[in-house]
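What follows is a single structure, written as structure tokens, with notes after it.
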Amino acid sequence: MIKLLSYRIAHWLERHNAISCEEEPLYRYAAFNVLYAAIPILIMLVIGMVLHVISGTILFIATFVALRKYSGGFHVQSFRTCLCFSILVEFIFIHLASYIDYAIILIPLIMISSVSLIRFSPIQSASRPLSIDDIVFCKRRIKIILVFLLFFCYLLCITDLESFAAYPVSATAMVAVFQYPALIHHRWR
């Protein structure tokens, strides 16, 4: 699906003389990467619209994107399977966030998720191992992002905006939870 759309975009650009014939493979690759990154974000936005929680979903997306980049986690091989599984999981975590609006639940949940992320990040892929420098860099980034998130969620909670704090907390929990299948998979190899 994405490959076909990427091909069509690059071909359209070439046909309208926006790029040369030699540049088409490069633009096809670029279109593929943009679409591959944008589709999950667009799906989350649609889920937020369906659930009528757009502002919370934007906080969820920002948290998810920031953490997932440096933490790693479980990946499925097939894009179609990944897409279906992602839609289901994102729907569940965004929907759950709309019901959690008590600081007494949010603060322990983000603390547990943060400790887990700091302990296990980054999860390495067998297809793309990380150097020691990359691991140190990712661990540092995760810690910085989590400190910011903890402070941000704390501010939301003390200003009676717990319902908004639930979305970054839920995204943090989702990223932490999806490190465990990858960890289990690594142990059984």
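The values are calculated or read from the model by the stated rules, or taken from the named source; none is laboratory data. Small disclaimer: the values here were computed from a predicted structure and weren't measured. So basically every Cβ, Gly included, is an ideal-geometry build from the backbone, and we count neighbours across all protein chains shown. Surface areas here come from the heavy atoms of the whole protein model, side chains and all, with no ligands, DNA or RNA. Shrake-Rupley method; radii C 1.70, N 1.55, O 1.52, S 1.80 Å.
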For this session: Leaving ligands, DNA and RNA out of it, rank Cys82, Cys157, Cys21 by accessible area with a 1.4 Å probe, largest first.
Result: Cys21, Cys82, Cys157
Problem set entry | Loop sites in the stretch 1-106: chymotrypsin sites (Phe, Trp or Tyr not before Pro), DSSP, at most 14 other Cβ within 10 Å | Tyr99, Tyr102
Problem set entry | Answer label, with mean projected area of the Cα convex hull in nm² calculated from the coordinates and candidates [x] 13.8; [y] 12.9; [z] 10.1 | [y]
Problem set entry | Ranked order, His52, His16 - accessible area, probe 1.4 Å, largest first | His52, His16
Exercise. Working out 0.36 nm times the residue gap between His95 and Ser55, then minus their Cα-Cα distance, what length gain in nm do you get to one decimal?
Worked result: 13.1 nm
Exercise. Considering only protein heavy atoms, what is the solvent-accessible area of Arg15 at a probe of 1.4 Å, reported in Å² to the nearest 10?
Worked result: 140
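Which sequence of Met174, Met1, Met49 reflects their accessible areas, 1.4 Å probe, from the largest down?
Result, largest first: Met1, Met49, Met174.
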Exercise. Calculated from DSSP H runs of 4 or more alone, at -39500 (n - 2.57) each and per residue, what is the 222 nm mean residue ellipticity of the chain, nearest 500?
Worked result: -27000 deg cm²/dmol
For this session: For the stretch 96-169 and the stretch 36-63, write down the distance between their C-alpha centroids in whole Å.
Result: 18
For this session: Report relative contact order for the chain in percent, whole number only (criteria: Cα-Cα under 8 Å, sequence separation at least 6).
Result: 30
Exercise. Among all the aspartates and glutamates, which ones have a C-alpha under 20 Å from Lys69's C-alpha, if same-chain residues fewer than 8 places away are not counted?
Worked result: Glu90, Asp133, Asp134
Exercise. Rounded to the nearest 10 Å², what accessible area does Leu4 show when all protein chains are kept and the probe is 1.4 Å?
Worked result: 90
